[in-house]
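Scroll down for the structure; my scribbles are underneath it.
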């Protein structure tokens, strides 16, 4: 609400002091608050600012049909009540701001989660390249959280496409360390329970050397250096073959 500075409420806010007004006084006859109070039969008006720390957060306005209704002791009591009311009002405003901020953070968190899910889907897409053969490239890091999503998607796609072989391409993986190797072994074991073989392709020479130095074991997972060689192997397992046309 817009408050005029020359109004009695504006004066109370600007001066941060209480005002007691006799409606019958000619000095204030032109002020809108006095005109409105006189129309309702009021004789005394009291304006008590609600002070919170160093700021005025509102004004407590009271009226009475009796003249000189607000004594010094009455005003002191009203100011104590106003002080409590100011604290309550400020706490309510603070709570409202906290709720608004909480809603903003929750909305931001939902957007971030949706974005992460989208990134996870895009960084581990599933591509059927032949009957019974799927390719799942991995881009980025394969941490614990993402590993769970990856294995879940792997099993779902195997079931939907009745895949016999899944080629996991790790060319785009940031690091193939002990943790990542363990996740890949878990994925291969999960796929084996559905009767599907996993072929691992795209291990870089540096990653291969690191895996040897650390003694990492990929178990019985079949590995091929390139996606093309992995596809040839997978196609043979799925009962297909590649036919090359003479130029």
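Throughout, read-outs are computed from the coordinates displayed, never taken from laboratory work. These figures come from a predicted structure and were not determined experimentally. All Cβ positions, glycine included, derive from the backbone under ideal geometry; neighbour counts span all protein chains shown.
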Over the chain, with a Gaussian network built from C-alpha contacts below 10 Å, which listed residue (48, 72, 87) shows the highest mean-square fluctuation?
72
Say we join alpha carbon atoms closer than 10 Å with springs in a Gaussian network model of the chain; which of 234, 39, 191 then has the biggest fluctuation?
39
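From the P(r) of region 124-237, could you give the percentage of C-alpha pairs in the tail past 24 Å? Before the final figure, lay out the partial values.
Values: 1017 of 6441 pairs.
Percentage above 24 Å: 16.
Can you give the % of DSSP beta bridges in the chain that are antiparallel, to the nearest 5?
On the way: 16 of 31 bridges.
Restricted to the chain, the bridges split so that about 50 percent are antiparallel.
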What residue among 44, 196, 102 has the largest mean-square fluctuation in a Gaussian network model of the chain, using Cα springs under 10 Å?
44
Quotient of Cα radius of gyration and Kirkwood radius for the chain, i.e. Rg/Rh, equals 1.54
Take every Cα-Cα distance within region 62-102, group them into 10 Å bins from 0 onward, and report for each bin the whole-number percent of pairs it holds.
25, 32, 22, 15, 6
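Only helical DSSP H runs with n ≥ 4 go in: add -39500 (n - 2.57) per run for the chain, normalise by residue count and round the 222 nm mean residue ellipticity to 500 deg cm²/dmol.
For the chain, the value works out to -16500 deg cm²/dmol.
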For 135-144, 158-167, 62-71, ranked highest to lowest by mean beta-carbon neighbours within 10 Å, the order is 158-167, 135-144, 62-71
If you find the alpha carbon centre of region 17-92 and of region 126-168, how far apart are they in angstrom?
73 Å
Among bridges DSSP assigns within region 124-237, what percent are antiparallel (round to 5)?
15 percent
